[in-house]
Each structure stands twice: as C-alpha cells, then as structure tokens.
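Right, one structure below, let's go through it.
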Amino acid sequence: MGLGDVLFGRKKLKGAKLDKLFALSTAQVTLESELGLKSSGAAAVVFKPLSAGEFARAEQELDELLGVAAQSSGSEVRRRSDSYGFQWLVIRDPDFEDLVTTVHLVSSELDARGFGEQLLAALFPFEGKDRRVIPTGSNKERDNAEEMRLKNELEQELPIEPDLERWLGLFDAPLD
C-alpha cells in the first residue's frame, strides 16, 4: 500500500493496537531496575482533530470522561496544541499505572467513536540520571546508538516497530 492509496482512500491504515499499551506497565520494572530510567510522571496522547461536528461532540464527551477519570485517580489532564495542528492530551500523575490506564482510556474512546485513524501516538517520557532519554529534544537530535541499545534491552517485553524507517522523534512535545 502506497501513500497515494491512503491519501485517495483506496486502502485504510491499520488501526492502533491499543492493548499493547499495557506492556509498558511490565516494561517499567526493567526500565527502572536494569536501565536506570524513571517515568517523568507525564504521558500524552497525540491526535489530529477534525472540524466535523461529530468529532467535536466526541471531544467534548471525552473531556467530560477525562475529568471524571482524573478526579478518581488524582491525575491532572491538560489539552495542548502544537505548531502542526495536533492536539495533545497531557496527563500528569506520579503513578505510572494511572498514566497507562488514562492514555488507554483516551485512545480507546476515540477509537470506539470511529476516530481511531486520528490517533498519531502515545508518549511516555522516561528520564535518566542526567537527561531525558530519546529523543534528546534539545537540538532535535537523535541518539541512534542509544535507541538501538534500548530496543535490544526491551524487545522481549515491548512491541517495538521492526522497521527503523518508521521510528519518529517527537520533538518539542508540549508536556508542560
């Protein structure tokens, strides 16, 4: 399937595999104990909004659902935009399980309402002793050697994209 097929509606993109998010919960132990990486206490869902009325209604219902979920878990949820027009639902919570659960909730609600194709990514930043990990973000640089090391360390626990051409850096994520 080529890009032209997707753009002109001849074929559909594969849907998100949302349940794979829960693999992060078990991988977190390896990230912390073996690799010295800790969750930054934040996560985000990135999606492309549509101007359609039905999507606006779904966003409003999602905001209400997030308010209830955040209140029960103690999470803080904020909406941000980036310079490319993507929406970021940023979740802050010191409990990593709550971050994973809330990101899954947001993603599955958008998917259930027929907007799964609008999902771009879920972001879970981890920090080392001296800096945030990959990508570095400071100069929009990537550390390919570190990326490959982490891939080798985590590929037994996490589903990792095998095609390196599809690995994208999410620079300047509005997580503040």
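Does Leu35 satisfy the criteria of being open to solvent by 20 Å² or more (accessible area, probe 1.4 Å), at negative phi and in contact with a His (Cβ under 7 Å, 6 or more places away or on another chain)? Criteria not met by Leu35. From the list Ala43, Ala27, the one residue that fits, being among the hydrophobic types (A, V, I, L, M, F, W, C), out of contact with any strand residue (DSSP E or B) (no Cβ under 6 Å at 6 or more places or on another chain), open to solvent by less than 50 Å² (accessible area, probe 1.4 Å) and at pLDDT 90 or above, is Ala27. When Asp95 is tested against the conditions (1) open to solvent by 30 Å² or more (accessible area, probe 1.4 Å); (2) of a type outside the set (Gly, Ala, Ser); (3) in contact (Cβ under 8 Å) with a residue 40 or more places away in the chain, the lone failure is (3). Residues in the stretch 28-87 that are out of contact with any helix residue (DSSP H, G or I) (no Cβ under 7 Å at 6 or more places or on another chain), assigned to a helix (DSSP H, G or I), under 14 Å from Phe124 (Cβ atoms) and in contact (Cβ under 8 Å) with a residue 12 or more places away in the chain: Leu31 alone. Within the stretch 139-158, being surrounded by 11 or more Cβ atoms within 10 Å (Cβ to Cβ) and either among the polar types (S, T, N, Q) or at positive phi (or both) holds for one residue alone: Asn144.
The values are calculated or read from the model by the stated rules, or taken from the named source; none is laboratory data. It should be emphasised that the depicted structure is a prediction, and the values quoted were computed from it without experimental measurement. No Cβ is skipped: glycine too gets one built from the backbone with ideal geometry, and neighbour counts run over all protein chains shown. Note: accessible area is taken over every heavy atom of the protein model, side chains too, but ligands, DNA and RNA are not part of it. Shrake-Rupley method; radii C 1.70, N 1.55, O 1.52, S 1.80 Å.
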